[in-house]
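Peer 1: Take a look at the following structure, please.
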Amino acid sequence: MGKPIIGIAANEVQDAGDVLHHLPIAYTPLGYVRAIQQAGGLPLLVPISEPAAAKDYVSQIDKLVLAGGQDVSPKFYGQEAHQATGSGLLARDEFELALIDEALLQKKPIFAVCRGMQLVNVAFGGTLQQDISTFSEIIHMQAPIPKEVPTHAIATAEKSMLARVYGQKTKVNSFHHQAVDRLARPLQKTAWSPDGIIEGIEHVGQRLLAVQWHPDFAYDALLQEQAVFKYVVDVL
């Protein structure tokens, strides 16, 4: 039996700068690629495409990873954009929502990170808090603190997937200014920070795991972050 093929939903930038001749590129942060390779999987980038293509892409992979990136458009959860909400990338939202639907239909596991977790909640009918800086005393956007440094605590739900990997308490990095607000009913909160921000979610009946922090930023510095990729490749 071959290595599991882990599809990573890719991002886009229209101007890659001087080094790449200002070309538009499809990309994903290298942390996802390296961590999946080290865990024994075969990473495969899935470029932003028309939603109708999601069925064929998902049929080619064993598991789906939704990476971090732009803010999810508030149109998908019935709100007007807050002044702190970025312009986003509508084509990415639409395609990744289609990937989620197809992965569920084809019973392919989903691992979602940061924006990916927020998008999963929206896909199931939940909403987002567009600017958490207005009510949280915890710094959830830790830059310029190095990306691999864990900066705040989380607790995990007993017997959850996250508890198996991280234990009941740990510390994680943090690079987000939005968060899950109303959690969609099929989903369960399985990790949270001291201010009540939801940091991890799982699905009651589907193989779906999502985290608000960035294990891809710290897979080569913290054993727990490589361990979650190993869990995704081998178990999820």
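The values are calculated or read from the model by the stated rules, or taken from the named source; none is laboratory data. Here the structure is a predicted model, which is why all the values come from computation and not from measurement. For neighbour counting, all protein chains shown are included, and Cβ atoms are generated from backbone atoms with ideal geometry for every residue, glycine included.
Peer 1: Quick check on PHE76: is it over 16 Å from the mean Cα position of the chain (by Cα), of a type in the set (Phe, Trp, Tyr), modelled with pLDDT of 95 or more and closer than 24 Å to THR28 by Cα?
Peer 2: It is true that PHE76 is over 16 Å from the mean Cα position of the chain (by Cα), of a type in the set (Phe, Trp, Tyr), modelled with pLDDT of 95 or more and closer than 24 Å to THR28 by Cα.
Peer 1: If the Cβ limit is 6 Å and pairs must be 6+ apart or interchain, which residue in segment 118-144 that is within 30 Å of LEU105 (Cα to Cα) pairs with which residue that is at pLDDT below 95?
Peer 2: PHE124/PRO186; GLN130/HIS82; GLN130/THR85
Peer 1: Select from segment 87-99 the residues that are surrounded by fewer than 24 Cβ atoms within 10 Å (Cβ to Cβ) and either among the hydrophobic types (A, V, I, L, M, F, W, C) or in contact (Cβ under 8 Å) with a residue 40 or more places away in the chain (or both) and list them in ascending order.
Peer 2: LEU89, LEU90, ALA91, ARG92, GLU94, PHE95, LEU97, ALA98
Peer 1: Within segment 153-175, restricting attention to residues that are touching a Pro at 6+ places or on another chain (Cβ under 7 Å), in contact (Cβ under 8 Å) with a residue 24 or more places away in the chain and not β-branched (Val, Ile, Thr), which residue is surrounded by the fewest Cβ atoms within 10 Å (Cβ to Cβ)?
Peer 2: Among them, the one singled out is ALA153.
Peer 1: From the residues in segment 176-207 that are assigned to a loop (DSSP other than H, G, I, E, B) and of a type in the set (A, V, I, L, M), which one is surrounded by the most Cβ atoms within 10 Å (Cβ to Cβ)?
Peer 2: ILE197
Peer 1: Criterion first (touching a residue at least 40 places away in the same chain (Cβ under 8 Å) and either under 11 Å from LYS108 (Cβ atoms) or touching a Pro at 6+ places or on another chain (Cβ under 9 Å) (or both)) does VAL65 satisfy it?
Peer 2: Yes.
Peer 1: Find the residue count for segment 208-222, including only residues that are within 16 Å of ILE36 (Cβ to Cβ) and surrounded by fewer than 18 Cβ atoms within 10 Å (Cβ to Cβ).
Peer 2: Final tally of qualifying residues: 1.
Peer 1: Scan ASP181, ASP216 and give me the residue that is among the charged types (D, E, K, R), out of contact with any His (no Cβ under 8 Å at 6 or more places or on another chain) and more than 23 Å from ILE61 (Cβ to Cβ).
Peer 2: So the residue among ASP181, ASP216 that is among the charged types (D, E, K, R), out of contact with any His (no Cβ under 8 Å at 6 or more places or on another chain) and more than 23 Å from ILE61 (Cβ to Cβ) is ASP181.
Peer 1: State all residues of segment 4-38 that are in contact with a helix residue (DSSP H, G or I) (Cβ under 8 Å, 6 or more places away or on another chain) and in a loop (DSSP other than H, G, I, E, B); if no residue qualifies, say none.
Peer 2: PRO4, PRO29
Peer 1: Checking VAL113 against (1) β-branched (Val, Ile, Thr); (2) over 15 Å from HIS214 (Cα atoms); (3) touching a residue at least 40 places away in the same chain (Cβ under 8 Å), only one condition comes out false. Which one?
Peer 2: Answer for VAL113: the failing condition is (2).
Peer 1: Working only within segment 85-128, note down all residues that are assigned to a loop (DSSP other than H, G, I, E, B) and either within 19 Å of ALA179 (Cα to Cα) or modelled with pLDDT under 95 (or both).
Peer 2: Once the filter is applied, which keeps residues that are assigned to a loop (DSSP other than H, G, I, E, B) and either within 19 Å of ALA179 (Cα to Cα) or modelled with pLDDT under 95 (or both), segment 85-128 yields THR85, GLY86, SER87, GLY88, LEU89, CYS114, PHE124, GLY125, GLY126, THR127.
Peer 1: Moving on to the next point. Is it fair to say ALA123 is within 15 Å of the chain's Cα centre (by Cα) and small (Gly, Ala, Ser)?
Peer 2: yes
Peer 1: In segment 28-41, what residues are over 18 Å from ILE61 (Cβ atoms) and exposed (fewer than 14 other Cβ atoms within 10 Å of the Cβ)?
Peer 2: LEU30
Peer 1: Still on this model: Which residues, counting only those in segment 183-214, are within 15 Å of PRO150 (Cα to Cα) and either at pLDDT below 95 or out of contact with any Gly (no Cβ under 8 Å at 6 or more places or on another chain) (or both)?
Peer 2: SER193, PRO194, GLU199, TRP213
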